[in-house]
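Colleague: Okay, here's the structure, questions in a sec.
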Amino acid sequence: MKQFNIFDMHCDTLSDIHRLGKEDLATASGHINLEKLWKGGSLVQCFAAFIPTHEGAVRRGITEGPYEYFLHCADTFDRQMEKFSDQIRPVRTVAEIEKNRDAGLLSAMLTIEDAVPVEGRIERVKEFYDRGVRMMSLTWNYENSIGYPNSRDPEAHMLPLKPFGLEVIAEMERLGMAVDVSHLSEGGFWDVANHGSKPFIASHSCARALSDHPRNLTDDQLRAVAKRGGVVGVNFCKPFLRLDATVSTVEDIVRHARYIANVAGIETVAMGSDFDGISGPLEYEDFSGFPMIVDGLSRVFSDDDVDRICHGNALRAFRDIFGE
Ligand SMILES: [Zn+2]
C-alpha cells in the first residue's frame with residue numbers, strides 16, 4: 001500500500017469532535033481518526049467546519065450565531081493540530097503539504113461548509129482566510145447571504161447567486177481561497193462558472209447522469225468545472241452514488257470516477273468522501289479502507305491516472321488557486 005496517496009476534499013470529523021467534545025483526532029470513533037488516516041494512506045485531509053443553522057442548530061442545542069460557532073470550531077481545529085503535531089500539521093499552501101509529506105507527517109486543511117458566517121460582511125472572507133481557511137462552500141442546504149442551495153424544485157435549483165455572492169467569489173479568488181460549489185443551486189453554480197477565472201471545486205459531489213440527485217452535477221456542469229481547471233470530489237454517500245443503493249460500494253465510486261473522466265477529462269476527477277457526514281453500510285468501512293478503493297480504481301485506470309484521481313488533480317487545482 002502506498003502511503004501519502006489520498007487528498008480527501010471533505011469530511012465532517014472536525015464538526016463531530018467540536019460538537020460532541022468527548023473525542024479527539026486519536027480517539028474519534030467515526031470514519032476518520034489518526035490511525036485510520038495512516039492506514040488509508042492519507043496525504044491531505046480537508047476538515048470542514050460545518051456550520052449548523054435552522055433545525056440543525058436547534059437539534060444540536062446550538063445557541064451561538066454562525067460566526068461565533070465557526071470561530072469556536074476553528075479553535076477546536078487548532079487545539080487538535082497542536083495536540084497531535086507529532087503526526088499531523090495544518091496546511092495553508094501546497095508547499096506545506098509537500099513539506100509534511102517529506103517529513104513523514106499528515107496534512108490537514110481547514111475548510112468551511114456553508115459560508116453563512118460571512119453574514120453579508122465582505123471583510124469576513126479575509127478574516128477566515130487569515131484564520132487558515134483555504135476552501136469554503138458557498139451554501140449548505142439553506143439560503144444565506146451569498147446564494148441558494150440545490151433543490152429538487154427546478155425553479156429553485158436555478159436561483160442565481162445574490163449580488164453579494166459575486167463579491168464574495170471575487171474576494172475568495174483574490175485571496176486564494178477555493179470556491180466550493182457542492183450544495184449550491186445550479187443557477188449559483190453557473191454564476192461561479194461565468195464570473196470567476198481561477199479553478200473552482202465541487203468538494204463532494206457526483207455525476208447526476210448516474211444518480212439524478214440535485215446535489216450531483218450535470219454533464220455540462222462537470223465540463224464547466226474542467227474548463228477552469230477545477231476538480232470534482234466523488235462523494236461516497238449512497239444516494240449520490242446510486243439512488244437505490246443500500247451499500248456504498250467501491251464499484252459505484254469507480255463508476256462515477258470513470259464517468260466524470262469520460263465527460264470532463266481524467267484531470268477533473270478527485271476524491272471527496274464526506275466521511276462522518278454519510279451513513280453506512282460502507283463496503284470499505286471507513287478511511288482505513290481507502291486501499292480497497294485505490295485497488296478498484298487500479299482495475300480501470302493506469303497507475304498514473306489513479307495517482308491523479310487520488311491526489312494529483314487536487315494538488316494541481318489548489319496550487320493554481322493559491323497562486324503558488
Ligand atoms: Zn456536505
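The values are calculated or read from the model by the stated rules, or taken from the named source; none is laboratory data. Model, not experiment: these values are computed from the prediction. Positions of Cβ are generated from backbone atoms using ideal geometry, with glycine treated the same way; all protein chains shown enter the neighbour counts. Surface accessibility is based on the protein's heavy atoms, side chains included, excluding ligands, DNA and RNA. Shrake-Rupley method; radii C 1.70, N 1.55, O 1.52, S 1.80 Å.
Colleague: Is it the case that residue 59 is farther than 24 Å from residue 143 by Cβ and open to solvent by 10 Å² or more (accessible area, probe 1.4 Å)?
Modeller: No.
Colleague: When you scan region 257-324 for helices (runs of 4 or more DSSP H) that lie fully inside it, which ones turn up with 3 or more residues that are more than 27 Å from residue 26 (Cα to Cα) and open to solvent by less than 20 Å² (accessible area, probe 1.4 Å)?
Modeller: 313-322
Colleague: Among the residues that make up region 41-55, is at least one of them more than 16 Å from the ligand (Cβ to nearest atom), open to solvent by 20 Å² or more (accessible area, probe 1.4 Å) and in contact with a helix residue (DSSP H, G or I) (Cβ under 9 Å, 6 or more places away or on another chain)?
Modeller: The answer is no, given that none of the residues of region 41-55 is more than 16 Å from the ligand (Cβ to nearest atom), open to solvent by 20 Å² or more (accessible area, probe 1.4 Å) and in contact with a helix residue (DSSP H, G or I) (Cβ under 9 Å, 6 or more places away or on another chain).
Colleague: What about residue 240, is it in contact with a His (Cβ under 7 Å, 6 or more places away or on another chain) and either hydrophobic (A, V, I, L, M, F, W, C) or farther than 29 Å from residue 29 by Cβ (or both)?
Modeller: yes
Colleague: If you go through region 212-231 one residue at a time, do you hit one that is in contact (Cβ under 8 Å) with a residue 24 or more places away in the chain, closer than 17 Å to residue 5 by Cα, hydrophobic (A, V, I, L, M, F, W, C) and in contact with a Ser or Thr (Cβ under 8 Å, 6 or more places away or on another chain)?
Modeller: Among the residues of region 212-231, at least one is in contact (Cβ under 8 Å) with a residue 24 or more places away in the chain, closer than 17 Å to residue 5 by Cα, hydrophobic (A, V, I, L, M, F, W, C) and in contact with a Ser or Thr (Cβ under 8 Å, 6 or more places away or on another chain), which makes the answer yes.
Colleague: While we're looking at this one, here's another question. Does residue 226 qualify as being modelled with pLDDT of 95 or more, over 20 Å from residue 40 (Cβ atoms), of a type in the set (A, V, I, L, M, F, W, C) and out of contact with any strand residue (DSSP E or B) (no Cβ under 6 Å at 6 or more places or on another chain)?
Modeller: Yes; evaluated as a whole, the condition is true for this residue.
Colleague: Name the pairs: first residue in region 259-280 and within 19 Å of residue 296 (Cβ to Cβ) and within 16 Å of the ligand (Cβ to nearest atom), second residue aromatic (Phe, Trp, Tyr) and in a loop (DSSP other than H, G, I, E, B), Cβ to Cβ under 8 Å, at least 6 apart or on different chains?
Modeller: 273/236; 274/236; 275/236; 278/236
Colleague: Could you figure out which of (1) closer than 22 Å to residue 3 by Cα; (2) buried (at least 23 other Cβ atoms within 10 Å of the Cβ); (3) free of Cβ contacts under 8 Å to residues at least 40 places away in the same chain; (4) over 17 Å from the mean Cα position of the chain (by Cα) isn't true of residue 248?
Modeller: Residue 248 satisfies every listed condition except (1).
Colleague: When the residues of region 111-123 are narrowed to those that are buried (at least 24 other Cβ atoms within 10 Å of the Cβ) and not β-branched (Val, Ile, Thr), which ends up nearest to residue 32 (Cα to Cα)?
Modeller: Restricting to residues being buried (at least 24 other Cβ atoms within 10 Å of the Cβ) and not β-branched (Val, Ile, Thr), the top hit is 113.
Colleague: Hey, does region 3-13 have a residue that's in contact with a strand residue (DSSP E or B) (Cβ under 7 Å, 6 or more places away or on another chain), open to solvent by 40 Å² or more (accessible area, probe 1.4 Å), under 27 Å from residue 292 (Cβ atoms) and not acidic (Asp, Glu)?
Modeller: Within region 3-13, one or more residues are in contact with a strand residue (DSSP E or B) (Cβ under 7 Å, 6 or more places away or on another chain), open to solvent by 40 Å² or more (accessible area, probe 1.4 Å), under 27 Å from residue 292 (Cβ atoms) and not acidic (Asp, Glu).
Colleague: Moving on. Residues that are surrounded by fewer than 16 Cβ atoms within 10 Å (Cβ to Cβ) and within 16 Å of the ligand (Cβ to nearest atom): does region 124-138 have at least one?
Modeller: Scanning region 124-138 turns up no residue that is surrounded by fewer than 16 Cβ atoms within 10 Å (Cβ to Cβ) and within 16 Å of the ligand (Cβ to nearest atom).
Colleague: Can you tell me which of (1) away from the ligand (no atom under 16 Å from the Cβ); (2) open to solvent by less than 10 Å² (accessible area, probe 1.4 Å); (3) more than 17 Å from the chain's Cα centre (by Cα); (4) of a type outside the set (A, V, I, L, M) is the one residue 188 doesn't meet?
Modeller: Every condition holds for residue 188 apart from (1).
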